[in-house]
1. Give, as residue ranges, the strands (runs of 3 or more DSSP E) completely inside the stretch 199-248 that count at least 1 residues that are of a type in the set (A, V, I, L, M) and free of Cβ contacts under 8 Å to residues at least 24 places away in the same chain.
2. With the condition kept exactly as written, say whether any residue in the stretch 222-235 is surrounded by 21 or more Cβ atoms within 10 Å (Cβ to Cβ), more than 25 Å from Pro318 (Cα to Cα) and within 21 Å of the chain's Cα centre (by Cα).
3. Under 9 Å between Cβ atoms, which residue pairs at least 6 apart in sequence (or on different chains) link something in the stretch 133-155 that is of a type in the set (Asp, Glu) with a partner that is surrounded by fewer than 19 Cβ atoms within 10 Å (Cβ to Cβ) and assigned to a helix (DSSP H, G or I)?
4. Do we have any residue at all in the stretch 28-43 that's within 21 Å of Lys180 (Cβ to Cβ), crowded, with 16+ Cβ neighbours inside 10 Å and at pLDDT below 75?
5. Out of Val173, Val185, I need the residue that is touching a Lys or Arg at 6+ places or on another chain (Cβ under 8 Å) and either surrounded by fewer than 23 Cβ atoms within 10 Å (Cβ to Cβ) or of a type in the set (Gly, Ala, Ser) (or both). Which one?
6. Can you name the number of the only condition in (1) closer than 28 Å to Glu170 by Cβ; (2) over 25 Å from the mean Cα position of the chain (by Cα) that Gly303 fails?
7. Of the numbered conditions (1) surrounded by 15 or more Cβ atoms within 10 Å (Cβ to Cβ); (2) more than 17 Å from Ala207 (Cα to Cα); (3) not basic (Lys, Arg), Ala270 satisfies every one except a single condition; which is it?
8. Considering the stretch 162-221 alone, what residues qualify as being β-branched (Val, Ile, Thr) and farther than 18 Å from Leu305 by Cβ?
Amino acid sequence: MLAPTMRGRGRPFSAWLLWTALAAAAAAPPVGAGTEPPPAGKALEEAVLAYLGAGFQERARLRADWDARLAPLPPTRLSALRREMLKAAARHGPRLPRGNTRDFLAPGRGKVLQQGKPGKVLFLGLHGGGLGAGEAESAAGSMGGGGWWWLFPEVLEKTEHGWTDAGTEEFVVELVRAAKRAGKVDPDRVYVAGHSMGGYGAWTLGAHHADLFAGVGAYAGAPTCLRRSASDPTIVAVQPGILPSYLNLRLHVYQSGDDTNVPPESNDFALARLGEWKARWPAGFDHAYERVEGRGHAAPAAGYLPSLRWLAERPRTPRPRTVLWQPVLTWKRQFHWLHWARPELDALVEALRQTAGGEAAVWTGEDAGAAVAWSAEPGAAGPAPPFAGMAGGAGAPPAPGAAAADGRFDVLGTVEP
């Protein structure tokens, strides 16, 4: 099993990553590609283990090797190959034990409490805390219910930011994947909620992994905001990688005006800016701001369930037509149907799916420039449309194997400056 690693030095277990590598190599091989069929049976199992156990450089070498050896793969074969690979990967991925555990990642590392029976709807409850404080029991004792399956992880290190520290964030992502491998969770019905530091965690992890969750509930916790200077505390922006990600993700924020632990200014600012984003994309940025007085740092007077039920009314949109992505994690290279092998951190990407005998994604950004990439849908016929490079003129097509054959995109270096 792959343990979570430091940012920039690896990535969590992902069957999708292997699927992208093998399917792309088979479906879009370079000139002079080989004649070997995709691996099957024991050979496929060995390929899965080799890829999941490899670091970034070794995975790149494996992909290059597959590019050189594998024959083109008909689109009709892709779905069956994907199923085979996902089953093989699931057999070797970390499993979530029944009941509470302190050993999800390794002996004595990775505490998770559970409530309810495994079912289609999964909620993650994130506890509060801070430097030297915070336990899963606090969230488990105040949240839960709704007839849903609840998982309450505990941060690996009790620091001020806890949930977004290297290791803990990967732990949460892997926990969701393990829960899905239990076989009952609907991947479009996974939600995350938290109070205080857990509210900050829900705000932030929800944004970083908006393609993983269907909704976010942030209670008495706020995203990190940037201030003008050390001498001038005026808030001027929300930390990159947060607000744009809520285009396709439902959000509920609760804040009391007299909260002295988490004063309202950060949430007030963030929600005002979110309203500006919604004005530009009226069909997106579905959110509610429950702004009250007299509750201090306590939970809502009616409890968490009313707003959580509102969240649970809306499932995830697995393949939204428009995607906004501002990468902030070097190890997160997949966001919805976009794959970026070396994401440019803080670059804002706007992508739109357009179907015409295949699919084209068009994206622009202040730092990323503009580019168009193409990838065939399964069964799509006809040649690829022209590829526009960074300057907007006629450019070279994506590197061989760069485009994943099921309509997702591996942009590789095409939008790097």
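1. On the way: elements: 215-219, 225-227, 235-238.
Of the strands (runs of 3 or more DSSP E) lying wholly inside the stretch 199-248, those with at least 1 residues that are of a type in the set (A, V, I, L, M) and free of Cβ contacts under 8 Å to residues at least 24 places away in the same chain span 225-227, 235-238.
2. To start, the set of residues in the stretch 222-235 that are surrounded by 21 or more Cβ atoms within 10 Å (Cβ to Cβ) comprises 222-223.
Okay, now just the ones that are also more than 25 Å from Pro318 (Cα to Cα), so 222.
Those left that are additionally within 21 Å of the chain's Cα centre (by Cα): 222.
Yes.
3. Glu154/Glu137
4. no
5. Of the residues listed, the single one that is touching a Lys or Arg at 6+ places or on another chain (Cβ under 8 Å) and either surrounded by fewer than 23 Cβ atoms within 10 Å (Cβ to Cβ) or of a type in the set (Gly, Ala, Ser) (or both) is Val185.
6. So Gly303 meets the others, but not (1).
7. Condition not satisfied by Ala270: (2).
8. Thr164, Thr168, Val172, Val173, Val176, Val185, Thr204
The values are calculated or read from the model by the stated rules, or taken from the named source; none is laboratory data. Keep in mind the model is a prediction, meaning the values are calculated, not measured. Positions of Cβ are generated from backbone atoms using ideal geometry, with glycine treated the same way; all protein chains shown enter the neighbour counts.
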